[in-house]
Amino acid sequence: MSSRFKVQSSKLLNQFLYLCLSVVICGSISSIQAQNDGSEQNQTGRAGTFTIIGARIVTVSGPTIESGTIIIQNGKIAVVGANVSIPGGVERIDGKGLTVFPGMIDAGTNLGLAEITQGVNASVDVSEIGTMNANAKAIKGINPHSSHVSIARVNGITTVLSYPTGGIIAGQAAVINLNGSTQDEMAVIREFGLVINFPRVATGGGFGGGFGQGGPPLDFNEAVKRRDAQIDELKKMFRGAENYLRARDAYAKDKTLPYTATDLKNEAMAPFIRGEKPVIFTAERERDIRGVAKFVAEMKLKAIIIGGQEAWKAADDLKKNNIPVVYTNIYSLPVRDGDPYDFLFEAPAKMLAAGVKFCISTGDNGQEVRDLPYQAGIAGAFGLSREDALKSVTLYAAQILGIDAQLGSIDAGKIANIVVTDGDILEPRTNVKYVFINGRMIPLTSRHTRLFDSFKDRK
Amino acid sequence: MTAVRGTLQNTDILIQNGKITRIGKNLPASTGARVIDATGKYVTPGIIDCHSHTMLSAINEGTFSVTSMTRIRDVLDPTDIAIYRALAGGVTSANLLHGSANSIGGQNSTVKFKWGHPVEDYPVADAPPGIKFAMGENVKRSTSFAPPGTPSRYPRTRMGVVETMRDALLRARDYKQAWADFRAGKTKVPPRKDLELEPLVEVLEGKRLVHAHGYRSDEHLNLLLLADEFGFRVATLQHGLEAYKIAPEIAKRGTGVSIFIDSWSYKLEAYDAIPYNAYILWKNGVNVSINSDSDERMRRLNLDAAKVMKYGGVPEEDALKMITINPAKQLGIDKRTGSIEVGKDGDIAIWTGHPFDVYSRVEMTFIEGEIFFDRAKDVQMRADMAKEREMLEKLDVNKAPGSGGTPPAVPKEKRRGDRDDAEYDDGGNE
């Protein structure tokens with residue numbers, strides 16, 4: 001009996017070991033396959049109650065706490081302060097010599113929509129076919145397992161806006177946290193803003209963010225005519241959607257009226273036409289930004305501008321219409337030879353001085369989103385205070401995205417998107433020591449650390 | 001920050017006749033010297049970018065895959081505003097290279113950014129000549145297809161690229177032999193001078209530096225093996241995004257690597273790039289430089305060097321070397337520039353703070369003792385230019401159409417019946 005039991009038990013043990021082994025093997029096989037097909041398992045970290053003790057806490061929203069404690073519980077910042085009594089049963093992190101920041105927010109990326117942009121079209125889902133794609137939703141194209149996700153977050157970027165491009169009405173942007181196995185797990189706002197490439201006067205110059213790139217130079221008056229025709233087309237899209245919605249409403253109330261068949265594109269316009277959700281316009285140059293302001297006023301829209309090279313010059317129009325700017329041009333060259341060399345480095349400081357609400361974004365399609373802190377830092381070298389430079393990638397971005405009640409600063413009750421570093425988070429020499437997203441402790445691993453580990457000791 | 005002998009505090013530098021003549025504390029200023037107070041500021045050697053296409057009015061001669069006869073020297077544009085913007089980022093020298101469309105692109109030019117000087121002043125006269133080789137996606141034209149109706153260009157695979165290079169080098173070896181035979185009196189007729197093969201003979205003789213564009217480690221290694229076969233050393237692997245995978249093989253051959261610090265994932269062959277590349281190469285004793293390959297990135301190479309400290313933990317001075325003395329060595333100009341030492345050219349940058357600090361700015365940039373960027377002067381010039389612009393806008397000829405200004409007279413081209421291109425071009429464009 002006892003020997004039989006032994007046999008059985010060892011059988012069980014063998015089965016258990018076999019199971020463990022196969023998990024290990026499968027795990028390693030799947031990670032190899034993942035590397036081959038351009039996606040990988042972004043580990044989702046572990047939940048728990050974490051206490052960071054004795055750290056410098058840069059709250060962003062209020063004064064910096066030189067030595068304080070944060071308790072992270074149920075995904076939220078439960079407590080933050082200088083004198084906090086620490087409950088039992090929590091995981092303690094010694095914060096001595098470390099600084100705590102809110103996770104950074106990049107409000108103008110295409111992260112997750114494109115893995116390799118050049119030459120690997122199969123991995124690119126940024127631009128849909130056609131000029132009007134109001135129903136195209138970035139959240140449905142974002143790859144939660146893109147290697148760009150973990151690369152960005154291990155450098156302290158925890159939330160991004162990811163938006164589609166192409167056509168006139170490109171589709172709907174999503175606000176996502178950089179953690180989760182599914183699109184819905186990542187989503188902060190699944191369907192956020194409607195992206196419109198605002199028609200611009202394009203004579204073949206170097207300004208991006210609209211139509212007319214490429215092709216031979218155009219006569220200025222001809223370019224203005226084309227722009228006006230495209231704006232008319234855009235207005236027709238809006239009016240068409242309004243009419244559609246009115247007809248649908250009328251039929252809902254009175255079934256004797258003619259039925260209007262469902263049109264997904266027009267249907268998708270509803271919250272934006274009604275001003276419930278923002279429309280995101282790409283625009284760079286003063287006259288195009290003023291054109292956006294005029295359009296927004298006429299159509300009574302809630303709006304955001306992405307790009308914004310010359311936004312400070314159109315401050316009056318932007319303020320009048322409450323249009324904030326997601327500034328994406330720190331790593332851009334000034335368009336005109338005669339522009340000062342630091343024209344685009346100084347723009348954030350000029351926006352601040354002119355009273356334009358703004359945040360700083362990489363405008364990147366994913367892989368370089370991790371440089372967000374350095375872009376804010378450069379603005380800090382050219383006129384912006386260090387405090388405002390930090391706010392421009394945390395609280396200001398959260399405010400523009402309308403998520404500042406949940407994210408963007410370290411305050412009790414907010415979502416625990418937190419980064420712990422050994423120095424100023426905007427400095428390129430600073431190392432990130434811990435990252436929390438939704439209160440989960442995220443492993444500081446990525447495609448890069450794995451390749452590093454594989455080759456660092458090769459003889 | 002000397003880049004070779006540590007960081008000296010509260011130190012003076014004397015530059016005379018373009019050279020650094022003294023470094024020390026409380027140096028007496030010689031009569032007539034301009035004294036620049038840099039108290040509390042940082043001074044570094046001028047930054048050297050080992051991979052740039054700044055100031056080039058043409059980059060690829062894409063009709064053939066071997067265009068070793070073409071010279072960057074012939075397409076330098078000294079009015080490119082990118083030169084000035086690079087100076088404003090502390091850059092003083094650059095390796096101007098052909099693009100990467102061809103297996104063998106052409107002859108490089110190592111220049112100093114003497115903005116405002118005539119183009120003859122740009123090339124560094126005693127810099128050893130170089131040549132661009134390239135492998136991988138760009139060479140095999142992965143993303144740029146031949147126009148409809150024209151044949152695809154050979155090579156189209158990595159196999160073909162290696163054979164194209166081997167063929168060119170073999171032809172150069174035969175050409176060299178043909179001249180040797182003629183000179184030895186073995187043949188009676190001199191070989192025809194071959195502009196394609198002459199620079200490749202210099203490569204075989206170790207007189208011309210090979211700067212080889214590539215991404216994947218296997219293709220870099222294939223080039224190193226090819227160079228072994230022909231008995232020359234490859235000066236630099238350019239980009240070398242996967243160089244970390246073959247660091248020992250590179251170190252053994254004394255080949256340098258000039259990399260992006262952390263660009264990746266923009267094309268398939270850049271998918272295995274990691275920011276720890278510099279660290280692994282450095283640890284293996286490879287000479288590493290950080291380049292920009294971009295008018296934009298060139299302005300912030302100091303921050304790229306700072307990242308070397310973050311990714312792996314290369315010490316500060318070795319990180320600074322990667323944008324100063326290391327590229328100087330790779331280009332063979334380290335005797336004259338790349339560090340702050342007595343006897344070297346006065347190529348320096350003055351910074352408001354530590355050059356690896358994101359909040360720092362360049363105050364002044366010198367080349368051979370001459371100031372080519374001065375922020376205070378730049379800011380002053382903006383005000384002057386704004387005034388001039390305002391004045392010009394008021395001129396009658398510059399008034400907007402329809403607002404009463406006299407439209408400027410547009411000169412009309414004289415049509416000539418005997419023009420060579422008359423039958424093709426009726427538009428009057430020369």
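The values are calculated or read from the model by the stated rules, or taken from the named source; none is laboratory data. These numbers come from a predicted model, not from an experiment. Ideal geometry is used to build each Cβ from the backbone, glycine not excepted, and the neighbour counts take in all protein chains shown.
Which of the residues spanning the stretch B:30-59 are in a loop (DSSP other than H, G, I, E, B), under 16 Å from the mean Cα position of the chain (by Cα) and on the phi < 0 side of the Ramachandran plot?
Within the stretch B:30-59, B:46, B:53, B:54, B:57, B:58, B:59 meet the criteria.
Looking only at residues that are of a type in the set (S, T, N, Q), assigned to a loop (DSSP other than H, G, I, E, B) and surrounded by 24 or more Cβ atoms within 10 Å (Cβ to Cβ) in the stretch B:309-359, which one is nearest to the other protein chains (Cβ to nearest Cβ)? First the steps, then the outcome.
The initial filter retains those residues of the stretch B:309-359 that are of a type in the set (S, T, N, Q), namely B:324, B:326, B:330, B:337, B:339, B:352.
Those still in the list that are assigned to a loop (DSSP other than H, G, I, E, B) too: B:324, B:337, B:339, B:352.
Retained after the next criterion (residues that are surrounded by 24 or more Cβ atoms within 10 Å (Cβ to Cβ)): B:324, B:337.
Values: B:324: 17, B:337: 23 Å.
It comes out as B:324.
Of all the residues that make up the stretch B:60-91, how many are of a type in the set (A, V, I, L, M), in a loop (DSSP other than H, G, I, E, B) and either surrounded by 18 or more Cβ atoms within 10 Å (Cβ to Cβ) or free of Cβ contacts under 8 Å to residues at least 40 places away in the same chain (or both)?
1
Enumerate the helices (runs of 4 or more DSSP H) found wholly within the stretch A:189-278, keeping only those where 1 or more residues are surrounded by fewer than 20 Cβ atoms within 10 Å (Cβ to Cβ) and modelled with pLDDT under 95.
Numbers: elements: A:220-253, A:264-268, A:270-273.
So the answer is A:220-253.
Is it the case that some residue within the stretch A:124-137 is free of Cβ contacts under 8 Å to residues at least 12 places away in the same chain and within 14 Å of chain B (Cβ to nearest Cβ)?
yes
Which numbered condition in (1) assigned by TED's automatic domain parsing to the domain that holds residue A:273; (2) over 30 Å from residue A:233 (Cβ atoms); (3) within 23 Å of the chain's Cα centre (by Cα) is the only one that residue A:119 fails?
(3)
What are the residues in the stretch B:261-276 that are facing another protein chain (nearest Cβ under 9 Å) and of a type outside the set (Asp, Glu), if any?
Step one: list which residues in the stretch B:261-276 are facing another protein chain (nearest Cβ under 9 Å), which gives B:262-276.
Correct list: B:263, B:264, B:265, B:266, B:267, B:268, B:270, B:271, B:273, B:274, B:275, B:276.
Which residue pairs have Cβ atoms closer than 7 Å, lie 6 or more positions apart in sequence or on different chains, and pair a first residue in the stretch B:44-57 that is without any contact (Cβ under 8 Å) to a residue 24 or more places away in the chain with a second residue that is crowded, with 24+ Cβ neighbours inside 10 Å?
Within 7 Å, no pair qualifies.
The rows are residues; the columns are (1) among the polar types (S, T, N, Q); (2) loosely packed, with under 15 Cβ neighbours inside 10 Å; (3) closer than 30 Å to residue A:169 by Cβ.
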site	(1), (2), (3)
A:82	no, yes, no
A:107	no, no, yes
A:124	no, no, yes
A:130	no, yes, yes
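Going by the structure shown, is residue A:143 within 14 Å of chain B (Cβ to nearest Cβ), over 20 Å from residue A:430 (Cα atoms) and modelled with pLDDT of 95 or more?
Numbers: within 14 Å of chain B (Cβ to nearest Cβ): yes; over 20 Å from residue A:430 (Cα atoms): yes; modelled with pLDDT of 95 or more: yes.
So residue A:143 fits the description; yes.
Residues checked against (1) farther than 25 Å from residue B:102 by Cα; (2) out of contact with any strand residue (DSSP E or B) (no Cβ under 8 Å at 6 or more places or on another chain); (3) not aliphatic (A, V, I, L, M):
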position	(1), (2), (3)
B:36	yes, no, no
B:40	yes, yes, yes
B:43	yes, no, no
B:49	no, no, yes
B:55	no, no, no
B:61	no, no, yes
B:75	no, no, no
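Check residue A:336 against each of (1) within 25 Å of the chain's Cα centre (by Cα); (2) within 30 Å of residue B:79 (Cβ to Cβ) and name the one condition it does not meet.
(1)
Residues being away from chain A (no Cβ under 12 Å) and buried (at least 17 other Cβ atoms within 10 Å of the Cβ): count how many of those fall in the stretch B:375-398.
Going through the stretch B:375-398 one residue at a time, the tally reaches 0.
Tell me which of these residue B:257 doesn't satisfy, since it passes every other one: (1) more than 8 Å from chain A (Cβ to nearest Cβ); (2) in contact (Cβ under 8 Å) with a residue 40 or more places away in the chain; (3) within 28 Å of residue B:351 (Cβ to Cβ).
Just one mismatch for residue B:257, condition (2).
Can you tell me how many residues in the stretch B:116-135 are under 15 Å from residue B:97 (Cβ atoms) and assigned to a loop (DSSP other than H, G, I, E, B)?
Residues of the stretch B:116-135 under 15 Å from residue B:97 (Cβ atoms): B:122-124, B:127-135.
Still in the running and assigned to a loop (DSSP other than H, G, I, E, B): B:122, B:124, B:127-129, B:135.
So the answer is 6.
Look through the stretch A:146-160, keep the residues that are among the β-branched types (Val, Ile, Thr) and in contact with a Lys or Arg (Cβ under 7 Å, 6 or more places away or on another chain), and return whichever of them is nearest to the other protein chains (Cβ to nearest Cβ).
Among those that are among the β-branched types (Val, Ile, Thr) and in contact with a Lys or Arg (Cβ under 7 Å, 6 or more places away or on another chain), it is A:151.
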